[in-house]
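None of the figures in this text is laboratory data; all of them are computed from the coordinates on show. In this text the structure is predicted, and so the values were computed from the model without any measurement. As a convention, Cβ positions derive from the backbone with ideal geometry for all residues, glycine included, and neighbour counts pool all protein chains shown.
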2 protein chains.
Amino acid sequence: MKELGITVKKQENFSEWYTQVVQKAELADIRLGIQGFIVHKPWGFFIIKKIYEYLEEEIEKQGHSAFLFPVAVKEENLKKEKQHAGFTPNVFWITEAGDKKIEEKFALRPTGEAQIYPMYSLWFRSHKDLPFKGYQSRISVFRNEMTTRPFLRGREFLFFETHNVFNSHNEAEEQIKDDLETCRKIIYDKIKIPFLYFKRPQWDKFKGADHTFTPDTLMPDGKRNQLASTHDLGQNFSKAFNIKIRGKDEKEQFVWQTCFGPGIWRIMAALIGIHGDDKGLVIPFEMAPLQIVIIPITFSDKKSESKKIIDSCVKIENSLKKLCYRVKFDNSEETPGFKYHKWELQGVPIRIEIGPKEIKSKKVSVALRTENKKTQITISKIDKEIKKLSLKLDKDIKDKADNYFKNNTRNSNSLDELKELVKKYRGFIKVPFCSVDNDGKSCADILKIETDGADICGTLYPKEEKTNPNQKCIICNKKANHIVYVAKSY
Amino acid sequence: MKELGITVKKQENFSEWYTQVVQKAELADIRLGIQGFIVHKPWGFFIIKKIYEYLEEEIEKQGHSAFLFPVAVKEENLKKEKQHAGFTPNVFWITEAGDKKIEEKFALRPTGEAQIYPMYSLWFRSHKDLPFKGYQSRISVFRNEMTTRPFLRGREFLFFETHNVFNSHNEAEEQIKDDLETCRKIIYDKIKIPFLYFKRPQWDKFKGADHTFTPDTLMPDGKRNQLASTHDLGQNFSKAFNIKIRGKDEKEQFVWQTCFGPGIWRIMAALIGIHGDDKGLVIPFEMAPLQIVIIPITFSDKKSESKKIIDSCVKIENSLKKLCYRVKFDNSEETPGFKYHKWELQGVPIRIEIGPKEIKSKKVSVALRTENKKTQITISKIDKEIKKLSLKLDKDIKDKADNYFKNNTRNSNSLDELKELVKKYRGFIKVPFCSVDNDGKSCADILKIETDGADICGTLYPKEEKTNPNQKCIICNKKANHIVYVAKSY
């Protein structure tokens with residue numbers, strides 16, 4: 001039993017807790033023996049597929065069409081992108097086939113731009129061809145990261161990206177607002193992960209973008225986890241890759257672009273870290289691979305009683321299946337206690353127990369993953385009760401996450417206090433700051449050194465918080481033009 | 001207009017016709033500049049996603065769970081597989097990252113076995129862990145093919161694979177029957193592609209399998225297109241990768257395995273080739289990215305009439321959207337004729353035309369992609385009529401495919417006749433043959449030379465056709481123990 005369960009407390013050693021949950025809740029297997037390449041096991045991959053499905057549904061509603069680009073990128077296209085994206089130092093190269101060198105080596109895509117934008121330069125001719133909203137889902141990208149961790153950083157990791165082309169910058173800005181709305185609907189409403197949406201400082205945006213926006217959450221160790229990014233690409237890539245159209249005025253013009261990349265892995269890591277507890281994984285009801293497990297309490301010396309119990313379990317399993325719940329009657333040979341632990345560890349939302357007592361009373365005992373108690377519910381009302389429990393679970397998950405998030409967002413007006421807060425709590429700390437343009441970088445550098453590694457996440461978006469006229473930058477003491485958020489990051 | 005449409009007849013030059021349809025119906029773009037790596041454009045990828053969805057749904061009903069293995073394969077695992085799978089000569093190797101050699105080169109997966117089975121050896125301990133049915137979908141595999149063609153042969157191509165583990169060979173055989181049933185339900189019932197299910201001769205099975213089974217169809221040029229494969233792996237891989245469990249008898253034993261791989265690309269190629277016509281793509285109703293297009297017939301000098309027409313188009317578009325059809329009101333500036341050709345080329349099943357005549361009569365004109373006529377339908381009955389038309393389309397597609405398939409399956413009892421038939425028609429030709437075990441290979445080799453490249457596809461499965469006692473092998477003239485099918489292949 002010891003071995004099965006999580007052996008450390010989440011609050012005491014989050015890093016080890018996370019590693020154990022990933023492994024013991026059967027989310028990933030890292031034993032393939034190539035660093036940074038993991039196996040997504042069925043339990044974990046079910047949850048990840050849900051994240052993908054949510055995103056695909058929402059994005060398609062906005063008029064995006066799915067396409068699929070190959071895994072291979074031509075060297076010359078990657079070079080064109082280099083100044084903008086800068087992934088080249090981490091790119092994997094395919095140089096051999098069988099036992100021969102291939103004529104022209106090619107790269108594994110580090111992200112989509114260098115593949116997609118050369119095609120865009122062929123696809124669009126006229127303003128009538130726009131707007132075009134394309135996306136690819138269920139793909140991997142590849143970067144030779146030095147340190148790797150399942151769902152946080154990998155050499156191969158799961159990707160989703162939209163690439164949008166517009167006639168005007170206005171439309172591009174509307175898309176960025178839609179991306180924010182997508183994040184809210186999926187990451188917060190569905191997956192129950194709270195975040196702040198930042199406009200990143202100029203020195204820390206995606207190189208090829210005019211502006212970068214990111215929804216960032218906090219992991220239980222107080223570190224920032226960037227869950228997605230949206231880039232206002234302006235005309236940078238259209239100029240680099242020559243994506244031109246004939247405008248309404250019959251003149252040639254470069255298009256305006258945005259792209260949006262929710263971090264599938266990062267969202268998964270947040271789900272594991274933020275919702276989980278000392279018993280293991282906790283999953284929103286709709287995302288759970290198995291929503292209800294039914295466990296019989298039988299005694300080997302009472303055969304006819306056991307038969308009644310088993311029959312009742314099967315009956316309830318079937319009626320719940322008909323109601324389209326993902327339900328399992330766990331009639332394996334393990335002890336009930338073993339089963340409780342196993343399914344709690346894997347995050348099954350509802351456990352139903354049926355034993356002699358329940359048969360007598362025509363009730364079943366029910367335990368919710370987020371509560372430490374059992375309740376009895378009448379079998380005839382099981383449909384309504386399960387519905388109620390599922391809502392209660394989601395509310396519990398959401399409330400806990402919201403509380404944690406709120407309690408770890410703090411204010412500070414001085415560097416000394418900031419240093420103290422970063423050291424003591426991590427989390428987000430709001431401070432007055434001189435500039436989020438490049439002239440603020442030197443203050444950000446000092447802040448990073450002074451706080452032993454904290455970064456400026458940016459300003460809130462779309463509504464930036466106002467400073468008052470007396471507020472000074474906590475580093476240079478000049479006029480503070482912005483309220484920025486500071487955090488340590490993954 | 002000329003440029004937009006297909007400029008050759010399918011019957012006269014299938015190869016060129018196919019190339020044009022792939023490009024002009026916007027299925028794929030091959031201009032990325034790395035041979036064998038294509039872009040799946042939105043129109044084509046929509047259809048491919050449907051194929052994936054059908055397969056996923058059916059396979060999950062059978063109890064398969066989705067997982068995802070990385071794209072990287074360790075060299076040592078590939079070597080272990082070498083004798084069984086034999087893909088190594090075509091494998092792509094990643095040897096560099098950035099501008100440095102990496103410590104241990106790794107391969108891009110040519111297929112799943114060498115990645116998945118080492119993990120299986122860690123995952124299963126007891127007979128109680130089995131059966132295990134796993135699958136991965138929406139993935140690519142990589143082989144350095146010399147000649148490439150969109151959806152027929154690529155260096156990167158789309159993959160779907162199940163990998164199943166059983167306690168007994170009986171269960172494995174049941175799974176193979178289920179795979180056959182999956183092929184029937186998806187490839188034939190849904191996608192309307194007829195096929196024969198062959199048990200392949202011993203000399204032409206997958207190297208690591210005891211037996212290989214394939215559903216094969218015929219392309220319009222009479223060549224065989226293998227749409228999927230199912231392998232009875234026996235204990236070959238479990239012995240190579242040491243996948244052992246403790247049986248009911250408490251003794252260790254090697255597991256029994258099967259795997260099933262529908263060729264996503266091959267099915268797509270069959271859909272394009274078999275259903276298409278001289279005007280372009282033809283798609284089963286449920287699979288069409290756009291099911292209905294509405295085209296207004298307006299005249300620039302009649303403004304108020306035009307307004308009525310546009311209003312009526314919008315109204316019908318909205319009512320069809322509410323009925324959950326994928327519908328588009330094409331109000332672009334092109335001529336109606338241009339629009340007809342464009343949407344026929346892309347395979348839109350139903351075209352609705354609304355002009356002055358239709359407004360007067362409160363009817364709309366409707367053209368079905370598989371018919372060369374227009375009919376008038378009353379607007380108030382549009383729901384029922386569209387339903388009828390969609391069924392008619394699917395029946396037309398199915399009947400045409402069935403007829404072609406049936407008419408291209410022939411019999412022969414002599415080598416001379418076989419040679420004649422292969423030369424004249426290609427297609428499937430049934431012949432009496434000595435043996436489908438390895439001792440038949442020499443006759444198969446002769447047959448191939450004599451027919452200028454035709455192969456023995458195998459015997460029908462699960463019900464093999466019986467020979468009569470007088471039938472002789474058309475090559476060696478010894479007793480014919482099997483009726484085999486002969487065809488030229490892709």
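The radius of gyration of the Cα set in the stretch B:409-487, together with its Dmax, comes out at 11.2, 30 angstrom. For chain B, the Cβ-based charge dipole about the Cα centre amounts to some 1400 debye (Lys, Arg positive; Asp, Glu negative; other atoms uncharged). Phi angles across the stretch B:146-160 convert, under the Karplus curve 6.51 cos²θ - 1.76 cosθ + 1.60 with θ = phi - 60°, into 3J(HN,Hα) values of 7, 9, 10, 7, x, 6, 10, 7, x, 7, 10, 9, 7, 9, 8 Hz, Gly and Pro given as x. Per residue, the Cα convex hull of the stretch A:171-278 amounts to 104 Å³.
Its DSSP H runs of at least 4 residues, each contributing -39,500 (n - 2.57), put the calculated 222 nm mean residue ellipticity of chain B at -10500 deg cm²/dmol, to the nearest 500. Placing a label point 7 Å from the Cα of A:Glu60 along the Cα-to-Cβ direction, the distances to the matching points in the other copies come to 1.3 nm, shortest first. Positive end of the charge dipole of the stretch A:14-275 (Lys, Arg +1 and Asp, Glu -1 on Cβ, about the Cα centre): tell me which of A:Trp203, A:Asn90, A:Ile274 has its Cα farthest that way. Value: A:Asn90.
This model, with +1 at the C-beta of Lys and Arg and -1 at the C-beta of Asp and Glu, gives the stretch B:409-487 a dipole about its Cα centre of some 220 debye.
Mean separation of Cα pairs under 8 Å and 6 or more residues apart, divided by the residue count, gives the stretch A:308-392 a relative contact order of 23 percent.
How long is the gain from B:Ser300 to B:Glu371 if the chain were fully straight, where each residue apart is worth 0.36 nm and the alpha carbon distance is subtracted?
Stretched out fully, the B:Ser300 to B:Glu371 stretch lengthens by 22.5 nm.
How large is log10 of I(q)/I(0) for the stretch A:14-275 at q = 0.07, 0.09, 0.13, 0.16 Å⁻¹ when the intensity is taken from the Debye formula with one equal scatterer per alpha-carbon? So the normalised log intensities work out to -0.25, -0.42, -0.88, -1.28.
If both residues of a DSSP beta bridge must be in the stretch B:285-396, then about 55% of such bridges are antiparallel. Other protein chain C-beta atoms within 10 Å of residue C-beta, averaged over A:38-47: 5.
Note that chain B, at 37 °C in a medium of 0.692 mPa s, gets a Stokes-Einstein diffusion coefficient of 131 µm²/s from its Kirkwood radius over C-alpha pairs. Of the trypsin sites (Lys or Arg not before Pro) found in the stretch A:302-346, the ones in coil according to DSSP and having at most 13 other Cβ atoms within 10 Å of their Cβ are A:Lys302. Annotation for A:Ser489, label-to-label distances across the other copies: 5.3 nm (shortest first, one decimal, point 7 Å from Cα along Cα→Cβ). Distant-in-sequence amide contacts of A:Ile354, defined by a placed amide H-H separation under 5 Å and a gap of 5 or more residues or a different chain, comprise A:Ile295, A:Ile297. Shielding value for A:25-36 is 4, the average number of Cβ atoms from other chains within 10 Å of each residue's Cβ. Here the protein assembly as shown is treated with +1 on each Lys and Arg Cβ and -1 on each Asp and Glu Cβ, and its dipole about the Cα centre works out to around 2040 debye. Taking every alpha-carbon pair under 8 Å whose residues sit at least 6 apart, chain B reaches a relative contact order of 14 percent. When A:Glu371, B:Glu358 are sorted by how many other C-beta atoms sit within 10 angstrom of their C-beta, beginning with the fewest, the order is A:Glu371, B:Glu358. For helix B:382-407, report the angle its Cα long axis makes with the longest principal axis of the Cα atoms of chain B; keep it between 0 and 90° and round to the nearest 10°. Helix B:382-407 sits roughly 40 degrees off the main axis of chain B. The label point for B:Lys321 and the one for B:Asp278, both projected 7 Å from the Cα toward the Cβ, are 3.8 nm apart.
Axis angle, to the nearest 10 degrees, between helix A:415-424 and the longest C-alpha principal axis of chain A: 30 degrees. A simple spin-label model places pseudo-atoms 7 Å from Cα toward Cβ; at B:Asn170 and A:Gln62 they are separated by 5.5 nm. Taking 7 Å steps out from each Cα toward its Cβ at B:Lys466 and B:Leu4 produces label points 5.9 nm apart.
Would you please put B:271-284, B:102-115, B:437-450, A:445-458 in order of how densely packed they are, using the mean number of other Cβ atoms within 10 angstrom per residue and starting with the highest?
Numbers: B:271-284: 22.7, B:102-115: 21.1, B:437-450: 15.8, A:445-458: 17.9.
Answer by packing, highest mean first, reads B:271-284, B:102-115, A:445-458, B:437-450.
Using only the Cα atoms of the stretch B:285-396, what semi-axes does the equivalent ellipsoid have when each is the square root of 5 times a gyration tensor eigenvalue? Give whole Å, largest first.
Semi-axis lengths for the stretch B:285-396 are 22, 15, 13 Å.
Note on A:Lys244/B:Glu12: beta-carbon distance plugged into 1/(1 + (r/R0)^6) with R0 of 41 Å gives a FRET efficiency of 0.60. Working note: Cα gyration tensor of the stretch B:217-353, eigenvalues times five, square-rooted, sorted largest first, giving semi-axes of 54, 19, 8 Å.
When both bridge partners sit in the protein assembly as shown, DSSP labels roughly 80% of those beta bridges antiparallel. Between identical copies, the spacing of A:Glu464 label points, each set 7 Å from Cα toward the C-beta atom, reads 7.8 nm from nearest to farthest. Would you please classify the overall shape of the stretch A:121-195 from the alpha carbon gyration tensor, given that a ≥ b ≥ c denote the square roots of the eigenvalues, rounded means a/c under 1.5, and beyond that prolate means a/b larger than b/c while oblate covers the rest? Judged from the Cα gyration tensor, the stretch A:121-195 comes out oblate (a/c at least 1.5, b/c at or above a/b). Backbone N atoms of the stretch A:105-124 closer than 19 Å to the 7 Å Cα→Cβ label point of B:Arg31 belong to residues A:113-124. Size descriptors for the protein assembly as shown, from the alpha-carbon set: Rg then Dmax equal 30.9, 106 Å.
Relative contact order, percent, of the stretch B:409-487 when contacts are C-alpha pairs under 8 Å separated by at least 6 residues? Mind showing how you got there, number by number?
Numbers: 138 pairs, mean separation 31.5, N = 79.
This gives 40 percent for the stretch B:409-487.
Sorted fewest first by neighbouring Cβ atoms within 10 angstrom, A:Tyr120, A:Tyr18 come out as A:Tyr120, A:Tyr18. Once the Cβ-Cβ distance of A:Lys441 and A:Ser361 is raised to the sixth power relative to R0 = 56 Å, the FRET efficiency obtained is 0.25. Per residue of B:135-146, other chain Cβ atoms within 10 Å of the residue Cβ number 3 on average.
Between A:Gln23 and A:Asn408, the FRET efficiency estimated from the beta carbon spacing at R0 = 30 angstrom works out to 0.65.
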